[in-house]
Amino acid sequence: MEFGTLNTILSGVSAGIGVSLLPRSSVVQAELRGEVSVISLPEPYCRLEVGLVHARSEHLSAALRGLLEMMTTRPETKKENEI
């Protein structure tokens, strides 16, 4: 069974209809309210690889190119005394 929204997914889980794999950040409030229980997954299952999805076209907007550049440029590491 598939549900389309986070609220619908959490409602189904709390009603005992099923289980779901969701980012912890999206279920914190439901967990605090006691609506669901969360089990942390062990390595390597707790790592999520994500990608940027865009419309298929040859033209990327300047904003999207800037975002891609920002995301692929490694931030400089701060020295301990700068933290």
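Mind checking the log10 I(q)/I(0) for the chain at q = 0.10, 0.21, 0.22 Å⁻¹? Debye, one equal scatterer per Cα, no solvent, two decimals. Evaluating at q = 0.10, 0.21, 0.22 Å⁻¹ gives log10 I(q)/I(0) of -0.49, -0.99, -1.03.
Rounded to the nearest 10 degrees, the angle from helix 62-72 to the longest Cα principal axis of the chain is 80 degrees.
Fully extended, how many nm does the chain gain between Ser40 and Leu6 (0.36 nm per residue separation, minus their Cα-Cα distance)?
Working: separation 34, 0.36 × 34 = 12.24 nm, distance 1.86 nm.
Answer, rounded to one decimal: 10.4 nm.
Once the 1.4 Å probe is applied to the protein heavy atoms, the chain comes out at 97 Å² accessible per residue. Per residue of the chain, the DSSP helices (runs of n ≥ 4 H) give a summed -39500 (n - 2.57) that works out to -8000 deg cm²/dmol at 222 nm. About its Cα centre, the stretch 1-62 has a charge dipole of approximately 80 debye under the convention of +1 per Lys or Arg Cβ and -1 per Asp or Glu Cβ, with nothing else charged.
Based on the mean of other beta carbon atoms within 10 Å per residue, what is the order of 8-18, 46-56, 62-72, most packed first? Let's see the in-between values first.
Details: 8-18: 13.9, 46-56: 6.8, 62-72: 10.0.
Packing proxy ranking, top to bottom: 8-18, 62-72, 46-56.
Between Leu68 and Glu31, the modelled label-to-label distance comes to 3.5 nm, taking each label 7 Å out from Cα in the direction of the beta carbon.
Between Glu49 and Ala15, take the C-beta separation as r, use R0 = 30 Å, and let me know the FRET efficiency to the nearest 0.05. Calculated transfer efficiency: 0.45.
Just need log10 I(q)/I(0) for the stretch 31-76 at q = 0.13, 0.17 Å⁻¹, Debye formula, equal scatterers on the alpha-carbon atoms, no solvent, rounded to two decimals. Summing over Cα pairs of the stretch 31-76 leads to -0.62, -0.76.
The values are calculated or read from the model by the stated rules, or taken from the named source; none is laboratory data. Note that this is a predicted model, so its numbers are computed, not measured. Note that we place each Cβ from the backbone using ideal geometry, even for glycine, and neighbour counts take in every protein chain shown. Side chains are part of the model used for accessible areas, which takes the heavy atoms of the whole protein and leaves out ligands, DNA and RNA. Shrake-Rupley method; radii C 1.70, N 1.55, O 1.52, S 1.80 Å.
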